[in-house]
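Notes follow once the structure below has been shown.
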Amino acid sequence: MALEHALLVSLDERAGSGYELARRFDKSIGFFHSATHQQIYRVLRRMEERGWVTCETVLQDGRPDKKIYTVAVAGHAELDRWIAQPSEPDHLRSELAVKIRAARPGTLPELLAEITRHRDAHDARLDVYRLIEKRDFPAQASLSGPALHQYLVLRGGIRVEEGFRDWCQDMLDALTPPSEQEQP
């Protein structure tokens with residue numbers, strides 16, 4: 001996925017300035033695609049040159065003028081073309097999985113600490129996703145259109161994080177020596 005498509009999706013949901021896009025990106029699409037603020041501004045200029053977005057300058061007192069971007073007809077056509085284009089199924093690339101395969105008996109304590117760190121990070125992200133779900137989608141059964149699409153993506157993120165958290169816990173259970181396991 002090109003950054004252009006991620007930005008078009010975000011702008012299609014709500015027009016905004018480069019700064020606003022970067023902040024929204026960090027809180028939503030950024031969970032699935034990363035980009036720096038500089039990359040976002042550079043790509044917005046390129047999208048404007050291609051006619052995919054239009055830009056309206058808003059004058060501000062005491063601050064630099066703000067550019068508000070919206071998706072143009074050509075941008076909607078590009079989104080439609082991109083959506084219709086087949087994409088490859090995602091493949092898991094996990095440095096942790098490779099470390100587990102490479103582990104030797106002498107590296108077990110460090111490996112267990114790394115797996116625990118990963119489990120805790122996935123659990124923390126899962127907590128964030130569940131807070132977003134509770135805050136933004138309290139009535140899932142009545143969702144439709146773009147709100148339903150956003151919710152379905154969030155549910156996918158929740159399931160991925162649950163899966164990674166559970167996988168890490170399975171590894172901890174299997175690799176922790178019986179003498180170090182907690183007794184019920």
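The values are calculated or read from the model by the stated rules, or taken from the named source; none is laboratory data. The model shown is predicted, which means the values in this text are computed figures rather than measured ones. Neighbour counts are summed over all protein chains in view; Cβ atoms, including those assigned to glycine, are modelled from backbone coordinates with ideal geometry. We work out accessible area using only protein heavy atoms, side chains counted, and drop any ligands, DNA or RNA first. Shrake-Rupley method; radii C 1.70, N 1.55, O 1.52, S 1.80 Å.
A few remarks follow.
- Check on residue 12, open to solvent by 40 Å² or more (accessible area, probe 1.4 Å), farther than 18 Å from residue 78 by Cβ and under 23 Å from the mean Cα position of the chain (by Cα): no
- One residue from 133, 114, 110 being of a type in the set (Asp, Glu) and open to solvent by 50 Å² or more (accessible area, probe 1.4 Å): 110
- In the stretch 48-86, residue farthest from residue 13 (Cα to Cα) [restricted to those that are in contact with an Asp or Glu (Cβ under 6 Å, 6 or more places away or on another chain) and of a type in the set (A, V, I, L, M)]: 59
- Members of the stretch 27-38 found to be surrounded by 14 or more Cβ atoms within 10 Å (Cβ to Cβ) and either part of a strand (DSSP E or B) or not hydroxyl-bearing (Ser, Thr, Tyr) (or both), listed by number: 29, 30, 31, 33, 35, 37
- Of all residue pairs spaced 6 or more apart or on separate chains, those with beta-carbon atoms under 6 Å, a first member in the stretch 31-52 that is without any contact (Cβ under 8 Å) to a residue 60 or more places away in the chain and a second member that is surrounded by fewer than 18 Cβ atoms within 10 Å (Cβ to Cβ) and part of a helix (DSSP H, G or I) are 51/74; 52/74.
Matching residues to (1) open to solvent by 40 Å² or more (accessible area, probe 1.4 Å); (2) modelled with pLDDT of 95 or more; (3) assigned to a helix (DSSP H, G or I); (4) at positive phi:
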position	(1), (2), (3), (4)
120	yes, yes, yes, no
154	no, no, yes, no
159	yes, yes, yes, no
162	yes, yes, yes, no
169	yes, yes, yes, no
172	no, yes, yes, no
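- Boolean, residue 63 is of a type outside the set (Phe, Trp, Tyr) and assigned to a helix (DSSP H, G or I): no
- Take the conditions (1) surrounded by fewer than 10 Cβ atoms within 10 Å (Cβ to Cβ); (2) more than 19 Å from the chain's Cα centre (by Cα); residue 143 misses just one of them, which is (1).
- Of the residues making up the stretch 86-96, not a single one is assigned to a helix (DSSP H, G or I) and over 20 Å from the mean Cα position of the chain (by Cα).
- Within the stretch 74-92, not a single residue is open to solvent by 50 Å² or more (accessible area, probe 1.4 Å), aliphatic (A, V, I, L, M) and farther than 30 Å from residue 43 by Cα.
- Hey, residue 46 surrounded by fewer than 18 Cβ atoms within 10 Å (Cβ to Cβ), basic (Lys, Arg) and more than 30 Å from residue 124 (Cβ to Cβ) or not: yes
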